[in-house]
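Participant: Here you go, one structure.
Please treat every number below as a calculation from the coordinates, not as lab data. Please read these numbers as outputs of a predicted model, since none were measured by experiment. A quick note on method: Cβ atoms are made from the backbone with ideal geometry, for glycine too, and the neighbour counts reach across all protein chains shown.
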Amino acid sequence: MIETKIIEIDPTNIDRDKLRCAAEILAKGGTVAFPTETVYGLGANALDSEALKRIFQAKGRPSDNPLIVHISQKEDIYSLVREVPKRADLLMEKFWPGPLTLVFKKSQIVPDIVTAGLDTVAIRMPSHPVAEALIEMSGIPVAAPSANLSGRPSPTLAVHVIEDLSGKVDIIISGGSCSVGLESTVLDVTEEVPVILRPGGVTLEDLQEVLGNVSTDKGIEGDTTAIPKSPGMKYTHYAPKAEVVIITGEIRDIVATVNSLKKENEKKNLKVGIMATDETKDNYYDAVVISMGSREKPGSIAENIFAILRSFDEKGVDVILTEGIETKYIGHAVMNRLMKAAGYNVVKARR
Ligand code: TXA
Ligand code: MG
């Protein structure tokens with residue numbers, strides 16, 4: 001156990017003097033959790049292998065899962081990568097700072113522990129004012145996975161980070177909620193046609209608008225015969241303690257199927273939780289029902305999803321029946337996270 005200091009920073013009025021001590025700890029090889037617009041990250045100096053080991057230890061993260069390097073200005077990529085293709089330039093122009101991580105061919109200075117021995121490095125420039133100020137003040141590139149224990153839902157509030165990492169990291173910066181609510185899109189730009197390795201805050205449709213042709217790695221769609229190119233995507237993830245089942249189909253059929261699965265589980269004396277939507281939540285009775293948000297606003301579902309998965313743990317349910325949503329726009333990333341939380345346990349609702 002180490003002593004974890006909690007620092008509160010108001011993102012709308014950043015106290016740079018307060019933040020300076022966190023920036024110094026980072027530069028000196030310590031671990032600092034901080035808010036980003038996607039989820040909270042656990043940062044360490046991306047050029048310091050000893051500091052990076054502390055990230056893997058604190059999270060219990062497998063060492064074959066590479067880290068994303070965070071920078072505060074675009075110029076900082078040039079020392080970290082061997083080449084910047086034109087397509088990457090277009091994307092950085094349009095989406096940085098923001099929830100898009102780009103995978104480049106790595107330069108010599110990036111330690112192997114960051115990339116898990118791969119020849120590529122993932123880089124992102126977050127738009128959250130606290131993340132931006134912290135990275136800039138530390139004067140180093142900051143490697144940062146999501147600030148959760150490995151396998152748990154990603155943290156979108158400081159309390160989630162405190163729950164998972166208190167006593168394991170030097171500093172936790174509390175800076176409010178994360179506006180996107182799920183992680184950045186990871187896009188491999190080393191190929192002529194860029195490949196989405198993890199869907200996220202910037203959608204396929206957003207990317208297609210800029211580049212035309214963009215493909216999606218088969219390994220992330222639950223095709224178990226394909227090995228995901230993003231090593232992190234192969235692990236069970238985002239999982240609450242309860243078993244998760246996803247029910248997909250037409251809304252009416254989903255409601256009927258959820259209700260019949262609920263009965264089946266209750267017969268086995270299992271406590272059932274239901275992740276519904278605003279449109280359906282009133283069709284369920286005598287169960288722990290939480291709405292993810294409106295189907296009309298998948299962005300607000302994205303924002304809530306991890307906090308809701310965590311909250312079911314406190315309610316002591318054994319099974320969570322989760323409605324599927326449309327995989328358009330950010331719904332694609334939401335369904336990807338739900339599928340992983342469910343271990344691809346999907347029931348197709350039929351009438
Ligand atoms: O939004 C985010 O990206 C957050 C915040 C903190 O910035 N970070 C985050 O990091 O989600 P993490 O470590 O939880 O997820 C990083 C993902 C993993 O799936 C990892 O395998 C993939 O990025 N990744 C990292 N480097 C890679 C590389 N060189 N090639 C392919 N995938 C890579
Ligand atoms: Mg993560």
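Participant: If one computes the Cα centroid of the range 316-351 and of the range 234-264, what distance in Å separates the two points?
Facilitator: Taking the Cα centre of the range 234-264 as reference, the centre of the range 316-351 is 6 Å away.
Participant: Whole-Hz Karplus ³J(HN,Hα) for the range 67-75, in order, using 6.51 cos²θ - 1.76 cosθ + 1.60 and θ = phi - 60°, x for Gly and Pro?
Facilitator: 9, 8, 9, 9, 10, 10, 8, 4, 4
Participant: Now for a separate question. Give me, ordered by chain and number, the residues 5 or more places off ALA116 or on other chains with an amide H under 5 Å from its own placed amide H.
Facilitator: Result for ALA116 returns LEU67.
Participant: Next question. Relative contact order, percent, of the range 283-351 when contacts are C-alpha pairs under 8 Å separated by at least 6 residues?
Facilitator: The value is 24 percent.
Participant: Quick one: Karplus J couplings for the range 178-188, per residue in order, coefficients 6.51, -1.76, 1.60, θ = phi - 60°, nearest Hz, x for Gly and Pro?
Facilitator: 9, 6, 7, x, 9, 5, 5, 6, 9, 10, 7
Participant: Can you sort THR327, THR322 by how many other beta carbons sit within 10 Å, fewest first?
Facilitator: THR327, THR322
Participant: I've got another one for you. If you take every residue apart from ASP164 with its C-beta less than 11 Å away from the C-beta of ASP164, what net charge results, scoring Lys and Arg +1 and Asp and Glu -1?
Facilitator: So the surrounding residues net to +3.
Participant: On to the next question. What is the set of long-range amide H partners of ILE6 at a cut-off below 5 Å, with H atoms built 1.01 Å from backbone N?
Facilitator: ILE172
Participant: Would you tally the net charge around THR38, using a Cβ to Cβ cut-off of less than 15 Å, leaving THR38 out, and scoring K and R as +1, D and E as -1?
Facilitator: With Lys, Arg at +1 and Asp, Glu at -1, the neighbours total -2.
Participant: On a C-alpha basis, how far is the centre of the range 44-75 from the centre of the range 142-179 in Å? Whole number, if you could?
Facilitator: Here the answer is 14 Å between Cα centres.
Participant: Moving on. Check VAL81: other-chain or 5+ apart residues with amide H under 5 Å from its amide H, H built from backbone geometry?
Facilitator: Hits under the 5 Å cutoff: SER107.
Participant: Taking other Cβ within 10 Å of each residue's Cβ, how do MET292, MET92 sort, fewest first?
Facilitator: Listing MET292, MET92 from fewest to most nearby Cβ atoms yields MET92, MET292.
Participant: Another question, if that's okay. Per residue of the range 271-288, what does 6.51 cos²θ - 1.76 cosθ + 1.60 with θ = phi - 60° give for ³J(HN,Hα)? Whole Hz please, x for Gly and Pro, Karplus curve as stated.
Facilitator: 7, 9, x, 10, 9, 9, 10, 3, 6, 10, 4, 7, 9, 10, 10, 6, 8, 7
Participant: Farthest toward the dipole's positive end in the chain, which of THR115, LEU157, HIS237, given Cβ charges of +1 (Lys, Arg) and -1 (Asp, Glu) about the Cα centre?
Facilitator: The one lying farthest along the dipole's positive direction is HIS237.
Participant: Also: With 10 angstrom as the radius, rank HIS128, HIS237 by how many other C-beta atoms surround their C-beta, starting from the fewest.
Facilitator: HIS237, HIS128
Participant: How high is the relative contact order of the chain? Use alpha-carbon pairs under 8 Å, at least six apart in sequence, and give a whole percent.
Facilitator: This gives 19 percent for the chain.
Participant: Averaging over all projection directions, find the projected area of the Cα convex hull of the chain and quote it in nm² with one decimal place.
Facilitator: Over all viewing directions, the chain projects a mean Cα-hull area of 17.5 nm².
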